[in-house]
Amino acid sequence: KSLPYFCRGEVVRGFGRGSKELGIPTANFPDSVVDSLPADVSTGIYYGWACVGNSDIHKMVMSIGWNPYYKNTKKSMETHVIHKFKEDFYGEILSVVLVGYIRSEKSFPSLEDLVAAINSDIEEAKVMLELPEHSKLKEDNFFTSTT
Ligand code: ADP
Ligand code: MG
């Protein structure tokens with residue numbers, strides 16, 4: 001497996017599926033970052049660490065999925081940082097490490113079920129990232145060498 005997987009890229013605009021309205025904004029990576037994903041990083045929901053610019057490192061959950069904008073021929077990578085930010089950070093560099101896999105992508109019968117699933121993913125991420133072998137990745141040089 002290719003985890004942990006480190007990558008960074010500019011935060012670009014998604015196509016506004018209203019993630020923010022659900023209380024779960026997702027920062028999108030540009031195609032260049034998505035295209036660099038190793039083939040064995042399958043679609044689904046991941047947990048890991050994330051850092052905006054040179055700021056603090058936070059827990060995150062990331063969805064890697066098929067992007068409807070490209071008629072599901074292209075993957076997208078969307079990161080929800082588990083932190084309350086004062087402002088949006090479009091245009092900033094987001095650094096992430098994918099640490100573990102939570103589940104495959106699936107569709108839900110209702111928006112309510114989707115939100116419940118994401119909130120349970122977030123809870124799982126919080127717990128898993130406390131494990132010593134996962135929390136140590138927060139200390140990786142990858143996050144400090146962004147000056
Ligand atoms: P878009 O379709 O442009 O991705 P979203 O509704 O998903 O719109 O909102 C994503 C944007 O919200 C991010 O690009 C970022 O600037 C901002 N944002 C604020 N807080 C967070 C957070 N905790 N995690 C991810 N993005 C956040
Ligand atoms: Mg988004």
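Taking the radius of gyration and the Kirkwood hydrodynamic radius from Cα positions alone, what is the Rg/Rh ratio for segment 79-147, to two decimal places?
Computed over Cα atoms, the ratio is 1.01.
For a Förster distance of 22 Å, can you work out the FRET efficiency between the beta-carbons of Lys136 and Leu114, rounded to the nearest 0.05?
0.10
Evaluated at 37 °C with a viscosity of 0.692 mPa s, what Stokes-Einstein diffusion coefficient in µm²/s does the chain have when Rh comes from the Kirkwood expression over alpha-carbon pairs?
212
Highest mean first, what order results for 99-112, 48-61 on Cβ atoms within 10 Å?
Top of the packing list down: 48-61, 99-112.
Per DSSP H run of n ≥ 4, the term is -39500 (n - 2.57); total these for the chain, divide by its residue number, and report the mean residue ellipticity at 222 nm rounded to 500 deg cm²/dmol.
Mean residue ellipticity at 222 nm (helix-derived): -5000 deg cm²/dmol.
Stretched out fully, how many nm does the piece from Ser55 to Phe85 gain, at 0.36 nm a residue minus the Cα gap?
Details: separation 30, 0.36 × 30 = 10.80 nm, distance 1.14 nm.
In short, 9.7 nm is gained.
Considering the chain as a Gaussian network with a 10 Å cut-off on Cα pairs, which listed residue, Glu133, Glu87, Glu21, attains the greatest mean-square fluctuation?
Fluctuation is largest for Glu87.
Any idea what the dipole of the chain comes to, in debye rounded to 20, about its Cα centre with Lys/Arg Cβ at +1 and Asp/Glu Cβ at -1?
Using Cβ point charges on Lys, Arg, Asp and Glu, the chain gives about 220 debye.
Non-local amide H neighbours of Gly53 (under 5 Å, H modeled in plane, Pro and chain starts lacking H): which ones?
The answer is Ile93, Leu94, Ser95.
I'd like the FRET efficiency for Ser107 and Thr144, computed as 1/(1 + (r/R0)^6) with the beta carbon distance as r and R0 of 35 Å, rounded to 0.05.
0.35
Can you pull the percent of Cα pairs in segment 1-61 with separation above 19 Å?
Working: 696 of 1830 pairs.
Tail of the P(r) past 19 Å holds 38 percent of the pairs.
Can you compute 3J(HN,Hα) from phi for each residue in segment 46-59, using the Karplus curve 6.51 cos²θ - 1.76 cosθ + 1.60 with θ = phi - 60°, rounded to whole Hz and x for Gly and Pro?
10, 10, x, 10, 9, 9, 9, x, 10, 7, 5, 9, 10, 5
Where a number appears in this text, it was derived from the coordinates with a stated rule and is not lab data. Keep in mind it's a predicted model, so treat the numbers as computed, not measured. Here the Cβ is made from the backbone with ideal geometry for all residues, glycine too, and neighbour counts use every protein chain on show.
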